[in-house]
Amino acid sequence: MAVYTAVDDEGLAAFLRDYDVGALLSAKGIAEGVENTNYLVRTEAGTYILTLYEQRVDPMDLPFFLGLMRHCADRGIAAPQPVARRDGTLLARLCGRNAALVTFLDGMATRRPRPAHCAALGRNLAAFHSATADYARRRPNALGLAAWGPLFEASRAHADGVVAGLTEVVDDELCVLARLWPTALPEGIIHADLFPDNVFFVGDRLSGLIDFYFACNDLLAYDLAICINAWCFEPDGSFNVTNARAMVRAYDAARPLDDDEREALPLLCRGAALRFCLTRLHDWLRVPAAALVTPKDPRPYYDRLRFHRTVDGPADYGL
């Protein structure tokens, strides 16, 4: 989440009149995240999240995202619900952007994940994969393997100024992954962005998954690899195998990984680390000066990539 587009109170109040949510009481921009503009909105009827979809979001993808949230909630996954306007539609326009209002979920993101948090995430990720198996819409992963090379080319000239030696490592990794990336593992809908700030807890109980705007069709185990990268490293860069073991075993208990998925996990973790290193590098070099947004540092994901390159096998992740 972030704030790229400023919305004034008068414009927001007029926007809300097309919803059955009562009058506007307050609105506050949310600075976390990098992709869209988000506001916490309080009205007479309750609390909501307003999202304005910025330029990188393809408008053709919005029915996929909004429908997915409804599909998840209908199947017992704790996810925000898009709020329908008075005419029954889910999308509107605000400040020249496509916009949607979704329900607010109780809970807080954890800053220091513990094994109990990671186990809860593993169970809920498996439940999400199972619940979305019959979701009819499809969306290819626009930030999958084929996108990583061109993405790096856009930042190559400045890469070593951000991380010394990054160009050599990325070039080598792109060659390895192009040769070895698995293509026959189980596929389905993946969230693709379940970082700690997109998962809410009440105590150790997982209360909600949010921010579905990278969701797509891809390898299910790749989604688990993304979560290992996001949840199982300490602030000093060390790998927390206890967290990884709790997450992977809880996932495996709910949706058993097949032998090929297990063997592919180290490579999938390398790919996930590279993907986020490259997208963070791209955004690090291009944050609009006027945007209320906190850019994500690519260096921790470079360090995670280097760790995964040393892993011998799936046992190193707790399997």
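The values are calculated or read from the model by the stated rules, or taken from the named source; none is laboratory data. Source: prediction; values computed, not measured. Neighbour counts run over all protein chains shown; Cβ positions are idealised from the backbone, glycine included.
At a glance:
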item	result
The listed residue being within 30 Å of D8 (Cα to Cα) and not assigned by TED's automatic domain parsing to the domain that holds I190, out of A84, A73	A84
Pair list, Cβ < 6 Å and 6+ apart or interchain, from region 214-236 residues that are free of Cβ contacts under 8 Å to residues at least 12 places away in the same chain to residues that are not aromatic (F, W, Y)	E234/N240
In region 67-89, the residues that are within 25 Å of P140 (Cβ to Cβ) and either buried (at least 19 other Cβ atoms within 10 Å of the Cβ) or in contact (Cβ under 8 Å) with a residue 60 or more places away in the chain (or both)	G67, L68, M69, H71, C72, I77, A79, P80, P82
The listed residue being buried (at least 20 other Cβ atoms within 10 Å of the Cβ) and either part of a loop (DSSP other than H, G, I, E, B) or not assigned by TED's automatic domain parsing to the domain that holds E35 (or both), out of D283, D218	D218
Candidates A215, A192, A230, A273 - the one that is under 15 Å from the mean Cα position of the chain (by Cα), at pLDDT 95 or above and on the phi > 0 side of the Ramachandran plot	A192
Helices (runs of 4 or more DSSP H) contained in region 103-172 and holding at least 2 residues touching a Ser or Thr at 6+ places or on another chain (Cβ under 7 Å) and surrounded by fewer than 17 Cβ atoms within 10 Å (Cβ to Cβ)	156-162
Single residue of region 51-74 satisfying the filter (part of a helix (DSSP H, G or I) and touching a Phe, Trp or Tyr at 6+ places or on another chain (Cβ under 6 Å)) that is nearest to L209 (Cα to Cα)	M69
Filter result (in a loop (DSSP other than H, G, I, E, B) and free of Cβ contacts under 8 Å to residues at least 24 places away in the same chain) within region 173-189	T183
Pair list, Cβ under 6 Å, 6 or more apart: region 141-155 residue over 14 Å from D283 (Cβ atoms), other residue aliphatic (A, V, I, L, M)	W148/L278; G149/L174
Options N243, N229: the member that is part of a helix (DSSP H, G or I), touching a Cys at 6+ places or on another chain (Cβ under 7 Å) and more than 29 Å from R70 (Cα to Cα)	N243
Extreme residue, surrounded by the fewest Cβ atoms within 10 Å (Cβ to Cβ), among residues of region 30-50 that are part of a loop (DSSP other than H, G, I, E, B) and at pLDDT 95 or above	E44
